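Undergrad: One structure, as structure tokens, below. Some questions next.
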């Protein structure tokens, strides 16, 4: 059984919505990690693609080899050289083994989180010693070097050709659209958990400490805050979650390779989302990611209708539109859709109860009688 098809202006609305939701969930997760680093901690991470790529590469490489060992799939003479046959045999077995599929998915997420955290730990050393401008350039160059390494080192993910990844969602069935629907449910749950986690961090004493370090390092040090340790921990946590997002990209696409990620897709677009939504505001970033994803997907559908009206390749329309949007936001609304605001230290109901005026004390009858007979008020 397939998902129903509902056409509007020649577009299948159901499948468009599912694709929009999957892309939005992944963009939201990575954007929230950048918001924690740059928005709250003041670390301009221009190397987000490195952590996403690391998580995708380790999950796609290890999970496939491990599944071949568990299912006794012949990998002779070479895993990468026979990847099409090997993955086909693995997927045939996973169709009837949902438990192993879920275990491979969770293993991939754990491995991706570990690799992302490790790369974040290595990146934290220059991050805590360099100024913001030098740090941004260093992380950008490091991400490019890591991509070149993955492209040139063939035994890992097949070099420039890439490798296929086991379909851990294949047990859902062969119906058109149902696999994407299950992927949407999983990605949506993951994005919601990440959002509430970062929102909890923003409202905690840690979030206020990060803002203090971002705004004035000298003052925060004078108050006994270890800004080096705080920034290092933020980079490690954000990188681990970015690695998990990379693993989910690999499992969703069913393949992994240097073409699965680019600086534009997983670094510059992420910065565009944070700028549009509002730095240091998780809800603003969520709205920015939704606006960006909807505009991007919609323009991707209709851009070829403008081919006869523009004097350049229509594939550049998205780049020009979002570059113009960033400039407009920086000029007219630099705070984004929802600018940063101070977080409440207590729940709103508790604050409202504290701010309520105190009731006037009720005077007793004896007090009223004594006051009426006092010398100041006695007419005699």
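Undergrad: Any idea what angle helix 178-203 forms with the longest principal axis of the chain, computed on alpha-carbon atoms, 0 to 90 degrees, nearest 10?
TA: Rounded to the nearest ten degrees, it is 30.
Undergrad: Oh, and also: Between the alpha-carbon centers of the range 59-122 and the range 284-329, tell me the distance in whole angstrom.
TA: About 36 Å separates the Cα centre of the range 59-122 from the one of the range 284-329.
Undergrad: What does the extension gain come out to for residue 314 and residue 348, with contour length at 0.36 nm per residue minus their alpha carbon separation?
TA: 7.3 nm
Undergrad: Another question, then. How far is helix 205-215 tilted off the main Cα axis of the chain, in degrees rounded to 10, range 0 to 90?
TA: Compared with the principal axis, the helix lies near 80 degrees.
Undergrad: Let me ask another. When the chain is treated as a GNM, springs tying every alpha-carbon pair under 10 Å, which of 347, 98, 258 comes out with the largest mean-square fluctuation?
TA: Result: 347 has the largest fluctuation of those listed.
Undergrad: Still on this structure, please answer the following. Round to the nearest 10 and give me the degree value, 0 to 90, for the angle of helix 98-127's Cα axis relative to the longest principal axis of the chain.
TA: Between helix and principal axis, roughly 70 degrees.
Undergrad: With a point put 7 Å past each Cα toward its Cβ, work out how far residue 332 is from residue 305 in nm, to one decimal.
TA: 2.3
Undergrad: Please report the relative contact order for the range 11-261, taking Cα pairs under 8 Å with a sequence separation of at least 6, and give it as a percent rounded to a whole number.
TA: It comes to 42 percent, rounded to a whole number.
Undergrad: Next up: Kirkwood hydrodynamic radius (Cα pairs, Å) of the range 11-261?
TA: It is 19.1 Å.
Undergrad: Find the centroid of the Cα atoms in the range 157-193 and in the range 227-282, then give the distance between the two in whole Å.
TA: Here the answer is 18 Å between Cα centres.
Undergrad: Still on this model: What nm value, rounded to one decimal, do you get for the distance between residue 131 and residue 16 when each label is placed 7 Å out toward the C-beta?
TA: It is 4.8 nm.
Undergrad: Sorted by average packing, counted as other Cβ atoms within 10 angstrom per residue and highest first, what order do 247-257, 310-320 take?
TA: 247-257, 310-320
Rule-based calculations on the coordinates, nothing more; no lab input. Every value quoted in this text rests on a predicted model; they were computed, and no experiment measured them. Cβ atoms come from the backbone with ideal geometry, glycine included; neighbour counts cover every protein chain shown.
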